[in-house]
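Here the structure is laid out as C-alpha cells; the discussion comes afterwards.
Every number here is computed from the coordinates shown, using simple stated rules; none is lab data. Keep in mind it's a predicted model, so treat the numbers as computed, not measured. As a convention, Cβ positions derive from the backbone with ideal geometry for all residues, glycine included, and neighbour counts pool all protein chains shown.
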Amino acid sequence: MTALEEAVEYATVCTLDDLPTGLGRAFVIGSHRVAIFRTRTGKVFAVADKCPHKGGPLSDGMLAGEQVVCPMHAFRFDAAGNCDQPSVCAVRTYPVEVEDRLVRVGVPV
Amino acid sequence: MPLDKPTLVAEVKKRGLKSVSAVLRELGTAEDEKSKAGLASMLKGLWGAEYIDQRDARFVNDRVHANIQKDGTYSVVPRTYGGVTTADELIRIGEVAKKYNVPMVKYTGGQRIDLLGIKKDDLPKVWADLGMPSGYAYTKALRTVKTCVGSEFCRYGTNDSTALGIALEKKYQGFEFPAKVKLGVSGCPRNCAESTVKDVGVVATEGGEWEILVGGAAGAHVRKTDVLCRVKTQAEAIAVIGRFLIYYRDNAKWLERTYDFVPRMGIEKVRDVIVNDSLGLGEHFDTEVEKTAAAYVDPWLERDKPVYPGQFAAARSIALPVLSS
C-alpha cells in the first residue's frame with residue numbers, strides 16, 4: 001500500500017534538529033506509530049514503527065545506507081519498505097516533506 | 001571494508017581517521033551496519049579519549065547502554081564487582097525494582113542482578129536511583145569477573161580470589177573488545193568459579209600461586225582454557241591479563257571470541273608474545289591498558305546529559321489537526 005493510493009493529510013511532526021543524524025526516532029501521529037529516519041546525507045524518510053517480522057521497534061534500528069535495519073533480527077527494509085528477507089512483508093512507508101527545517105509527514109485520512 | 005585488520009589499523013592511524021564516517025568516506029566501498037559497529041569499537045580502542053563518537057554507527061544497545069528485549073523494553077544490569085555486593089546495594093536494587101514495577105528481577109550467570117522490562121524513557125531515572133555504574137551486560141566488552149570465595153572465608157582457599165576478581169573488574173571495566181569477554185577467578189584448584197571455561201580465567205594453585213588461563217568458553221561453544229602462565233602476586237596477575245586483553249583486542253577479528261582467537265594464534269605463540277615478550281610489545285600493551293583505563297567513563301552518566309536528540313525519549317505524540325469539511 002503506498003500513499004498514492006489513498007488520501008493523505010500532512011502533520012508537522014518535528015524539526016530537523018529533533019532527528020538524530022543517521023538514526024531514527026519514534027512518533028505517534030494520530031493513531032499511526034511512525035519511525036522517522038534522517039540519513040547522514042540529509043534524506044528524511046518515514047516507515048511504520050513496527051517490523052513486519054515480529055513487531056520490533058524499527059525506530060531503534062540502524063541505517064545501512066538508506067536501508068533500515070531492525071534491531072531485533074537485523075532484517076532490512078529499503079526506502080520503498082521492501083524487506084531483504086524473502087518471506088517477510090513490506091513495511092508501510094509514509095511520505096515526508098521537509099521545509100524550513102520543519103518535518104511534515106503524511107498519514108492516511 | 002576491503003582491507004584486513006592490520007592494514008586497516010595502519011591506514012587509520014596514518015590518516016588520522018577518528019570517526020566511523022571518516023573511515024567509510026576514505027576507505028569504505030559501501031555502508032553496512034556490521035562494519036559500522038566493528039569500526040566504532042576498533043576506533044574507540046585505537047584513539048581512546050580522542051575518538052569521535054558517532055552514535056549512528058552503534059547498535060541500539062550501545063546507544064542507550066542497555067540490552068533491548070523482544071518487546072522493545074530494556075534490561076538493566078548494574079555493576080557488581082567480583083560478584084560481591086552489599087546490603088545497601090541490594091536494598092537500592094530492590095527499591096528500584098518496586099518503584100518502577102520491574103516485571104522481572106533475575107540473577108545472571110555472571111553473578112549480578114538483572115532488572116528486565118524497563119522502558120527506554122525510564123532508563124535515566126532508573127540509573128540515577130540505582131546510583132551504580134553500568135555493568136556493560138549488553139555489549140562487546142568486558143562483562144564480569146566471576147569469583148568463588150577463596151581464602152577470605154573458604155576452608156579450602158589458597159589465595160584471595162574475591163580481592164583479585166574485584167581488582168580485575170575495577171581495572172578493566174569498560175574495555176571494549178571484538179566480542180564479549182568473561183573472566184573468572186577461583187580460590188583453589190577445585191575451581192568453583194568455573195574459571196577453566198572463561199575467556200580469561202585465574203585459578204589459585206595448591207601453593208597459592210595464580211595460574212592464568214585463556215581461551216575458554218561455556219556457551220553455545222564449550223572449550224577448556226589453555227594455560228598461559230603462573231604468577232605469584234595479584235599485581236602480576238592483573239598486569240599479564242592486561243597484556244593479553246590488549247593483544248586480543250588488537251589482533252582478533254570482529255566478533256571473534258577468545259575461544260577462536262587463541263587456537264588460531266596457537267597458545268605457544270600467545271605465551272611467547274605475552275609472557276616472554278618475544279615481539280617486544282609488553283610496554284606497548286601496558287601503555288594501552290593505562291590509556292584505555294584513563295578513557296573510561298560510566299556511560300550511565302548520560303542520564304544527566306543525553307548525547308543525541310531523542311536518545312531516551314518515548315515516542316512523541318502528535319495530534320492530527322482537525323479537518324474542516
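Details
- Taking all Cα-Cα distances within the range A:18-96, those exceeding 22 Å account for 12%.
- Neighbour-count order for B:LYS44, B:LYS198, fewest beta carbons within 10 angstrom listed first: B:LYS44, B:LYS198
- Shape of chain B, Cα gyration tensor, a/c cut at 1.5: oblate
- Amide hydrogen proximity for B:ALA218: with H placed 1.01 Å from N in the peptide plane, the residues at 5 or more positions away or on another chain lying under 5 Å are B:ARG223.
- Amide H contacts under 5 Å for B:VAL185: B:LYS146, B:THR147, B:CYS148, B:VAL202, restricted to partners 5 or more places along the chain or on a different chain, H placed in the peptide plane at 1.01 Å from N.
- Within-12-Å neighbourhood charge of A:THR39 [Cβ basis; K, R +1; D, E -1]: 0
- Phi-based couplings in Hz for the range B:258-270 (Karplus 6.51, -1.76, 1.60; Gly and Pro marked x): 5, 5, 9, 5, 4, x, 5, 6, x, 4, 5, 5, 4
- Any cysteine of chain B lacking a neighbouring Cys Cβ under 4.7 Å - listed by number: B:CYS154, B:CYS188, B:CYS229
- DSSP-defined beta bridges in chain B - what % are antiparallel, rounded to 5: 75
- Over 18 Å apart at the Cα level, from the set B:LYS34/B:LYS70; B:LYS70/B:LYS99; B:LYS5/B:LYS253; B:LYS99/B:LYS120, are B:LYS34/B:LYS70; B:LYS70/B:LYS99.
- Note on B:ASP129/A:ARG40: beta-carbon distance plugged into 1/(1 + (r/R0)^6) with R0 of 41 Å gives a FRET efficiency of 0.70.
- Each Lys or Arg adds one and each Asp or Glu takes one away; over the other residues whose Cβ falls under 14 Å from the Cβ of A:ALA64, this sums to -1.
- GNM flexibility winner over chain B from B:PHE153, B:PHE59, B:PHE261 (Cα, springs under 10 Å): B:PHE153
- Sorted on the mean count of surrounding Cβ atoms within 10 Å across their residues, most packed first, peptides B:165-176, B:92-103 read B:165-176, B:92-103.
- Chain B: most fluctuating residue of B:VAL203, B:VAL214, B:VAL273 per GNM, C-alpha cutoff 10 Å: B:VAL273
- If you wrap the Cα atoms of the range B:5-58 in a convex hull and average its projected area over all directions, you get 3.3 nm².
- Whole-Hz ³J(HN,Hα) from phi, Karplus 6.51 cos²θ - 1.76 cosθ + 1.60, for the range B:64-76, glycine and proline x: 10, 6, 7, 8, 5, 9, 5, 9, x, 7, 10, 10, 10
- Per-residue ellipticity at 222 nm from helix content only, as computed over chain B with -39500 (n - 2.57) for each DSSP H run of at least four residues, stands at -11000 deg cm²/dmol.
- Other residues within the sphere of radius under 11 Å centred on the Cβ of A:LEU23, judged by their own Cβ, net out at +4 (K and R +1, D and E -1).
- Nearby aspartates and glutamates by direct alpha-carbon distance to B:LYS180 (threshold 15 angstrom, same-chain neighbours under 8 apart not counted): B:ASP62, B:GLU169, B:ASP199, B:ASP250, B:GLU256, B:ASP260
- Among the listed pairs B:LYS13/B:LYS125; A:LYS54/B:LYS125; B:LYS182/B:LYS232; A:LYS50/B:LYS291, those beyond 31 Å (Cα-Cα): B:LYS13/B:LYS125; A:LYS50/B:LYS291
- Computed from the Cβ-Cβ distance with R0 of 35 Å, the FRET efficiency linking B:LEU90 to B:THR233 stands at 0.65.
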